[in-house]
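Worksheet: the structure to be examined is printed underneath.
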Amino acid sequence: MIKEWNLLRAVACLSIVFLHSTTRIGAVVGMPELNSSYQFFRILLCYATPTFIIISILILVYKYPDGLRKGFWSKRFKYIFVPFLVFGVIDAFVSWDLYSNVVLEEKLYKNLIFGDYEGYFILIIFQFYFLFYLTTRFQVSNLIFLPLSIVIMYVYLYWLDLNTPWINERLYFLKLPFLAWVAYFAIAYYIGKNYEVIANQLVKYKWWTVALLFSAILLVWLSFEHGNNWPSSRELHILPLSIAVTAFILAFGYYIPNNGIINLISRYSLGIYLLHWQVQRYLAPYVVDLFNTLPLRVAMLFIISLCISIIIIKLISLLPFGEYIIGKVRKI
C-alpha cells in the first residue's frame with residue numbers, strides 16, 4: 001500500500017472522529033451557545049466524509065484498472081456490508097437505550113434498510129463499486145463523465161438544499177443515492193487512472209497545493225458568512241475543500257516516512273468509523289462533567305473515544321468471527 005494513501009485515510013478517519021466529538025459535546029452543552037468559530041471549524045472537518053470516497057475509489061481504480069476480479073463482491077459483502085448490518089443493529093439498541101422516544105423495531109428497520117445511522121456511507125460506497133463496474137465494463141470516457149458528474153451532483157445538492165417539507169421528511173433516504181456524491185467518484189477515478197503522473201506533479205508543485213487549500217478554506221468561509229453555517233458534507237463548497245485536502249496530503253505525504261501509528265489508524269479505519277460514534281454517545285456526558293472548557297472537552301472526548309475504539313477493535317479482531325463485526329483488519 002502506498003504510504004500517502006494510508007496517511008490520507010488516517011487523517012480523514014481522525015477528522016471524522018474529531019468532528020463527531022464536537023457534535024456530541026455540542027449536544028450535551030447546547031449547540032446554540034457555541035460560537036461561530038466553533039461551527040466554522042466543524043464545517044471544515046466535513047471534508048473528511050467525502051474524502052473516504054476519493055481514497056476508496058482511487059485505490060480501487062489503481063488496483064483494478066481493467067475491472068473487478070473474481071471474489072471482489074463476496075469479500076466486500078463479508079467484510080464491509082455485514083459489519084454495516086451488525087452496527088445497524090448495535091446503533092438501534094444504543095439509541096433505544098439512550099432515548100425514550102425511540103421505537104426499537106422502527107429504528108432497526110431504518111438502520112438496516114436505509115442506513116439511518118452513521119454507517120450510511122457504506123451504502124454509498126457500494127453504489128460506487130457498482131458504478132465502477134459499469135464505467136470499466138462500458139469504457140466510459142472520463143472526459144465526458146467528469147464534467148457531467150459535477151453538474152449532476154451540484155444540481156442534486158441544490159435540489160436537496162431547497163428544504164421543502166417533502167424533502168425534509170425523506171432526507172434520511174434522499175442522502176443515499178450516489179448522485180449526491182458522484183463528482184467525488186469521477187475525480188477519484190481520474191486520479192486512480194493517472195496516479196503516477198498526478199502524484200509526481202503534486203510533489204513537484206507541492207506549494208501550489210498549499211495555495212489551493214487556502215483558497216478552498218476561503219471559499220468555505222465566504223459561504224459561511226453568507227449563512228451556510230451548519231456542518232454537512234453534502235454542501236456544495238465541500239467538494240473543492242476535499243480535493244484541496246487530498247492534493248495537499250498526497251503532495252506532502254511523500255516526505256513523511258512510514259509511521260506505525262498512521263498505519264494502525266488506516267488499518268482500523270472502518271472499525272473506528274463504525275464504532276466511535278457509539279462510544280462517544282455514552283462518554284460525552286461524563287467528559288463534560290470532568291472537564292470545564294469547551295476545547296478540552298472536545299479534545300478529551302476525541303482522544304478517549306479513539307483509544308477505546310482501537311482497544312475494542314483489537315479485542316474483537318482476536319475473535320474467530322471478529323472480521324464480520326469490525327471488518328477485515330488489513331496488514332500493511
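Cβ separations smaller than 7 Å between residues 6+ apart or across chains give the following pairs from region 106-121 residues that are under 19 Å from S21 (Cβ atoms) to residues that are open to solvent by less than 20 Å² (accessible area, probe 1.4 Å) and aliphatic (A, V, I, L, M): G119/L274. Of the set (1) open to solvent by 70 Å² or more (accessible area, probe 1.4 Å); (2) of a type outside the set (G, A, S); (3) within 29 Å of K3 (Cα to Cα), all apply to P165 but (3). Tell me whether region 85-98 contains one or more residues that are in a helix (DSSP H, G or I), under 15 Å from Y129 (Cβ atoms), in contact with a Phe, Trp or Tyr (Cβ under 9 Å, 6 or more places away or on another chain) and of a type in the set (F, W, Y). Scanning region 85-98 turns up no residue that is in a helix (DSSP H, G or I), under 15 Å from Y129 (Cβ atoms), in contact with a Phe, Trp or Tyr (Cβ under 9 Å, 6 or more places away or on another chain) and of a type in the set (F, W, Y). Mind listing whichever residues of region 101-123 are crowded, with 16+ Cβ neighbours inside 10 Å and assigned to a loop (DSSP other than H, G, I, E, B)? Of everything in region 101-123, those that are crowded, with 16+ Cβ neighbours inside 10 Å and assigned to a loop (DSSP other than H, G, I, E, B) turn out to be G115, D116, Y117. Comparison of S232, S223, S215, S242 shows that the only residue that is open to solvent by less than 80 Å² (accessible area, probe 1.4 Å), assigned to a helix (DSSP H, G or I) and modelled with pLDDT under 95 is S223. A count restricted to region 176-207 and to residues that are assigned to a helix (DSSP H, G or I) and in contact with a Lys or Arg (Cβ under 9 Å, 6 or more places away or on another chain) stands at 2. If you go through region 36-84 and pick out every residue that is within 21 Å of the chain's Cα centre (by Cα), open to solvent by 10 Å² or more (accessible area, probe 1.4 Å) and of a type in the set (G, A, S), you end up with 1.
Of the set (1) modelled with pLDDT of 95 or more; (2) more than 20 Å from the chain's Cα centre (by Cα), all apply to F87 but (2).
Looking only at residues of region 124-141 that are open to solvent by 30 Å² or more (accessible area, probe 1.4 Å) and free of Cβ contacts under 8 Å to residues at least 60 places away in the same chain, we find that the one that is farthest from L85 (Cα to Cα) is S141. Residue check, Q278 against (1) over 25 Å from T51 (Cβ atoms); (2) polar (S, T, N, Q); (3) buried (at least 19 other Cβ atoms within 10 Å of the Cβ), all met but one. Which one? Looking at each condition in turn, Q278 falls short on (1).
Screening the candidates F173, F185 for the property of being aromatic (F, W, Y), open to solvent by 60 Å² or more (accessible area, probe 1.4 Å) and either touching an Asp or Glu at 6+ places or on another chain (Cβ under 9 Å) or touching a residue at least 24 places away in the same chain (Cβ under 8 Å) (or both) yields one hit, F173.
The requirement of being in contact with a His (Cβ under 8 Å, 6 or more places away or on another chain) and crowded, with 21+ Cβ neighbours inside 10 Å is not satisfied by S269. Only one of the numbered conditions (1) in contact (Cβ under 8 Å) with a residue 40 or more places away in the chain; (2) open to solvent by 40 Å² or more (accessible area, probe 1.4 Å); (3) of a type in the set (D, E, K, R) is not met by D289, and that is (1). Exactly one residue out of I122, I90, I113, I144 is aliphatic (A, V, I, L, M) and closer than 18 Å to R234 by Cβ: that is I122.
Of note, L160 satisfies the criterion of being over 25 Å from K63 (Cβ atoms) and open to solvent by less than 30 Å² (accessible area, probe 1.4 Å).
The values are calculated or read from the model by the stated rules, or taken from the named source; none is laboratory data. Everything quoted here is computed from the prediction, not taken from an experiment. Glycine also receives a Cβ, built like all others from the backbone with ideal geometry; neighbour counts cover every protein chain displayed. For accessibility, only protein heavy atoms count, side chains too; no ligands or nucleic acids. Shrake-Rupley method; radii C 1.70, N 1.55, O 1.52, S 1.80 Å.
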